[in-house]
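Participant: I have a structure here, written as structure tokens, and I will follow up with some questions on it.
The values are calculated or read from the model by the stated rules, or taken from the named source; none is laboratory data. Please read these numbers as outputs of a predicted model, since none were measured by experiment. Don't worry about glycine lacking a Cβ; one is built from the backbone with ideal geometry, like all the others, and counts go over all protein chains shown.
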């Protein structure tokens, strides 16, 4: 992913990361979780999003938020939010798992802006 940065125009970087994240998240959901039953959002966070994210980075779930430590897209002090990939990844994972299918994910804290971790809020 980091190698793509030089190949994508700066004004398209965030949109491209989110699109890639949605596609990868949907693929992981279909590959690993689609045969299970429909879950409410909190259960889907615990049983789908958290295990999938843990395969990528140290991650914890607290209610409707995913906390990511050491996000390689958000280097401390860079002041450039690059969490769009994980917003898309979580959206792709969760949109077909149950609920309304209108999952929205946004980054509410970013380590590039001095926070100790990146935090992604999930709402349905």
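Participant: Taking the conditions exactly as written (outside any helix (DSSP H, G or I) and free of Cβ contacts under 8 Å to residues at least 24 places away in the same chain), does residue 50 satisfy them or not?
Facilitator: It is false that residue 50 is outside any helix (DSSP H, G or I) and free of Cβ contacts under 8 Å to residues at least 24 places away in the same chain.
Participant: Hey, can you tell me all the residues within region 89-124 that are within 18 Å of residue 34 (Cβ to Cβ) and assigned to a helix (DSSP H, G or I)?
Facilitator: 89, 90, 91, 92, 93, 94
Participant: For region 17-28, indicate whether the set of residues that are surrounded by 14 or more Cβ atoms within 10 Å (Cβ to Cβ) and part of a loop (DSSP other than H, G, I, E, B) is non-empty.
Facilitator: So in region 17-28, the residues surrounded by 14 or more Cβ atoms within 10 Å (Cβ to Cβ) come out as 17-22, 24-26, 28.
Checking which are part of a loop (DSSP other than H, G, I, E, B) leaves us with none.
No, there is no match, as no residue in region 17-28 is surrounded by 14 or more Cβ atoms within 10 Å (Cβ to Cβ) and part of a loop (DSSP other than H, G, I, E, B).
Participant: OK, next. Across region 73-124, which residue is surrounded by the fewest Cβ atoms within 10 Å (Cβ to Cβ) among those that are more than 10 Å from the chain's Cα centre (by Cα) and closer than 19 Å to residue 12 by Cα?
Facilitator: 79
Participant: For residues that are under 21 Å from residue 113 (Cα atoms) and in contact (Cβ under 8 Å) with a residue 40 or more places away in the chain, scanning just region 53-69, find the one that is surrounded by the fewest Cβ atoms within 10 Å (Cβ to Cβ).
Facilitator: Step by step, filter region 53-69, then rank; the result is 69.
Participant: Considering only residues that are within 15 Å of the chain's Cα centre (by Cα) and closer than 20 Å to residue 123 by Cβ, which ones fall in region 20-41?
Facilitator: 21, 22, 25, 26, 29, 41
Participant: Now for a separate question. Within region 54-65, work out how many residues are assigned to a strand (DSSP E or B) and out of contact with any helix residue (DSSP H, G or I) (no Cβ under 6 Å at 6 or more places or on another chain). Quick ask: steps written out before the conclusion?
Facilitator: Our first condition is that a residue be assigned to a strand (DSSP E or B); within region 54-65, this holds for 59-62, 65.
If we keep only those that are out of contact with any helix residue (DSSP H, G or I) (no Cβ under 6 Å at 6 or more places or on another chain) as well, we get 60, 62, 65.
So the answer is 3.
Participant: I would also like to ask the following. For residue 31, only one of the following conditions fails: (1) in a helix (DSSP H, G or I); (2) at pLDDT 85 or above; (3) buried (at least 17 other Cβ atoms within 10 Å of the Cβ). What is its number?
Facilitator: (3)
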